[in-house]
Amino acid sequence: MSNRTLSIDDRLYEYLLGTSVREPEVLRRLREETASQPLARMQIAPEQGQFMALLMQIAGVRRAIEVGTFTGYSALSMVLAMPDDGHMVCCDINEEWASVAQRYWAEAGVQDRIDLRLAPALDTLDELVEAAAGQFDFAFIDADKQNYTAYYDKCMQLVRSGGLIAIDNTLWSGAVADPANDEASTRAIRRFNDRLYHDDRINISLVPIGDGLTLAYKR
Ligand code: CA
């Protein structure tokens, strides 16, 4: 028995999936279609989608924002976890990925509840800060790592006090702890993690699910 977070080998991972992940069929098909794409690793894992959905249900999220939508798996997981009057804004710049996302959102009957903005996310976030500062319950950041701090700063303006910001890839395949890794994206995530650690406006937890998911609760 160990009280440290386990490293999960393939056998244990299959067990975890097989005994806890209840992925809706439309999400499974979206995940499988995305798996054939060259950048498939950008899609969150099903246990992470289910974890975020559970968090949103606990928090009673009705208004969410996503920075970095890719082919729409995380957004669909999130919107399905919200009540019928729940609504989200999705930011991405890639039309090809967005067309896959929109096809599955329509299939799931939730396309009217997702406002997809195909534009640089910082522009969209600036517009939202003008129009709806403090009105979001939840934000998920999963886009280009160099801009993580900028996305976070905007999301802190958009999320209400008592709201939650979830940030993906904060363990970056372990590279953040590898002193020999000096890549720009690795350095950006290290700086970002350090920034959050010292930000006393939030309570945090870095959850080792997927590639590392940091949760920041805005006080
Ligand atoms: Ca990610």
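Annotations
- Counting only Cβ charges, +1 for Lys and Arg and -1 for Asp and Glu, the dipole size of segment 1-126 around its Cα centre is about 360 debye.
- Counted over the chain, the DSSP beta bridges are approximately 35% antiparallel.
- For the chain, calculated [θ]222 nm from helices alone, where every DSSP H run of n ≥ 4 adds -39500 (n - 2.57): -13000 deg cm²/dmol
- Structure remark: mean-square fluctuation, Gaussian network model of the chain, C-alpha springs under 10 Å; the largest value among 99, 74, 36 belongs to 36.
- At q = 0.16 Å⁻¹, base-10 log of I(q)/I(0) for the chain (Debye sum, equal scatterers on each alpha carbon): -1.16
- Length-normalised contact order of segment 47-175 in % [C-alpha pairs under 8 Å, at least 6 apart]: 25
- Solvent-free Debye calculation, one equal scatterer per alpha-carbon of segment 120-211: log10 I(q)/I(0) at 0.11, 0.15, 0.18, 0.23 Å⁻¹ equals -0.32, -0.59, -0.82, -1.23.
- Since only 106, 61, 205 are under comparison, the one whose Cα sits farthest along the positive direction of the charge dipole of segment 10-218, derived from C-beta charges on Lys, Arg, Asp and Glu, is 205.
- Each Cα pair under 8 Å and six or more residues apart adds its sequence gap; the mean of these over the residue count of segment 1-81 is a relative contact order of 33 percent.
- Cα-based radius of gyration of segment 1-120 once divided by 2.2 N^0.38 Å, which approximates compact folds: 1.11
Read-outs: derived from the displayed coordinates by stated rules, not from any lab. Quantities reported herein were computed from a predicted structural model and do not represent experimental measurements. Cβ atoms come from the backbone with ideal geometry, glycine included; neighbour counts cover every protein chain shown.
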